[in-house]
Amino acid sequence: MDAFYASVEQRDDPSLRGVPLAVGGSRERGVVAAASYEARRFGVHSAMPSVVARRRCPDLVFVRPRFDVYKAVSQQIHAIFARYTPTIQPLSLDEATLDVTTPLLDRGSASAIAAEIRAAIRQKTGLTASAGVSYNNVWPAPSASSLTTTLAVYANVSGLRAEPWPRWRSARSGPHKFPGVERHML
């Protein structure tokens, strides 16, 4: 999900919308668990010490995490995933990979399924989801590039041609940089 914890907090408390927001501990030894997009503009990000976040964004609003709420929203989202495939690989509360090679609800393409899932998540939870589509769950979808991907939908579609690694990617970020992938395997 897009800034999952922070998005849930902004959804549930409209006064937090448009405000630089951090979910986490605000004390000296606290850590940012999630940052809203408004806070990210100041360089605030998850896993950052709260004192550093406050220095970067003096108007940063901290809220304590409500993991029970995040888990409930996650269960709603996973119920949506289950409508399309039984093969769901959860990566965290807000990330999963779905295999739609043989979907329960066929929409003609993995991209169409991803778009429909994103719309269903928006309708059910009021939250925005990102999705990347790839031919397997190892290679990132080009649209996901270096962004956090909520939902990586992949399908082993016969006739799908593997494209060469995009030229716009530097040699430093090629597929050989993925754990367990060596140049001689390509």
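FYI, it's all coordinate maths here, none of it is from the lab. What you see is a predicted model; the values in this text were computed from it and never measured. No Cβ is skipped: glycine too gets one built from the backbone with ideal geometry, and neighbour counts run over all protein chains shown.
Considering only segment 89-124, state which residues are in a helix (DSSP H, G or I) and either in contact with a helix residue (DSSP H, G or I) (Cβ under 8 Å, 6 or more places away or on another chain) or of a type in the set (A, V, I, L, M, F, W, C) (or both).
A110, A112, I113, A114, A115, I117, A119, A120, I121, K124
If you scan segment 22-80, which residues turn out to be aromatic (F, W, Y) and surrounded by 14 or more Cβ atoms within 10 Å (Cβ to Cβ)?
Y37, F42, F62, Y70
If you go through segment 78-109, how many residues are among the β-branched types (V, I, T) and either in contact with a Pro (Cβ under 8 Å, 6 or more places away or on another chain) or closer than 26 Å to G25 by Cα (or both)?
Here the count works out to 1.
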